[in-house]
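**Q** After the C-alpha cells below, expect a handful of questions from me.
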C-alpha cells in the first residue's frame with residue numbers, strides 16, 4: 001500500500017491499528033482512489049466504525065446469500081468477530097449472534113437441525129407459540145425462520161405455513177418477503193400444488209419488480225416455469241423471461 005500511495009508505511013499501520021484519531025482528507029482521498037471506494041463511504045466507515053461494519057455484513061446477505069463464495073462467508077465471520085465485543089454494539093449482541101449463526105449455516109458448518117436447535121436457545125425468551133402471531137421480528141430472525149420452515153415441519157409448535165406467512169406478510173424486510181415467495185412456491189411445487197405455486201410466484205414477481213431485483217426475478221420466473229410446465233399450462237412466457245433475465 002505504501003509503495004502505490006503517497007502515504008507512509010508508518011501512517012498506514014497507525015490507521016489500520018486505529019491509532020490515528022482523525023485521518024487527513026488527503027489520506028482518505030488517496031485510500032479511496034486505491035481501493036476504488038467512494039470517499040464518503042470510506043469516511044462513514046472510519047467515523048462510525050463497528051456500526052458501519054455491521055451494516056456492511058447485513059447488506060451482504062441479500063437474495064443471493066446462499067451463493068456467496070466460501071471466502072466471502074469466512075470474511076463475514078471474521079468481520080463479526082472483529083466487532084462482536086465492541087463496546088458500542090453491546091446492545092446488538094443478539095443480532096450479532098444470529099448473524100454469526102446464519103452465516104455459519106450458509107457456510108455448511110452447521111446442519112438444518114442444528115440451526116433450529118441453536119436458534120431455539122437464542123430466541124427462547126423472545127419467540128413463543130402464544131405470541132408468535134403478534135411479534136414484530138427483525139430481518140435476521142425472519143431469515144433464519146424462513147430457512148427453518150423450508151426444511152422442518154414446525155418450530156416450537158409453530159407450523160411451517162404460519163412461519164411462511166409471517167415472513168411473506170411483513171413489509172419492512174423486502175428481501176425476506178421475496179425469498180419467502182420463492183421458497184414457498186418451491187415447497188408447493190414439491191407437494192404438487194402447482195396452481196398455488198403460480199399464484200405465489202406472481203405475488204413475488206410483483207415485489208421483485210417493485211424492488212428492481214433482477215436476481216429475484218430469475219428465481220421466481222424459473223419456479224413459475226416449473227409449476228406451469230407440470231400443470232401443463234402455458235409456460236413459455238416464464239421460461240422465456242428466465243432465459244432473457
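We did not get these values from a lab; they are worked out from the coordinates using the rules stated. Small disclaimer: the values here were computed from a predicted structure and weren't measured. Cβ atoms come from the backbone with ideal geometry, glycine included; neighbour counts cover every protein chain shown.
**Q** Can you tell me how many residues within segment 88-134 are closer than 24 Å to residue 65 by Cα and not in a helix (DSSP H, G or I)?
**A** 6
**Q** If you don't mind, there's one more thing I want to ask. Pairs only if they're at least six apart or on different chains, beta carbon under 8 angstrom, first in segment 58-77 and in contact (Cβ under 8 Å) with a residue 24 or more places away in the chain and on the phi < 0 side of the Ramachandran plot, second surrounded by fewer than 18 Cβ atoms within 10 Å (Cβ to Cβ) and part of a loop (DSSP other than H, G, I, E, B); list them, first residue then second.
**A** So the pair list comes out as 70/107; 73/107; 74/107; 77/107.
**Q** Suppose we filter segment 144-156 for residues that are assigned to a strand (DSSP E or B) and in contact (Cβ under 8 Å) with a residue 12 or more places away in the chain; how many remain?
**A** So the count comes out to 1.
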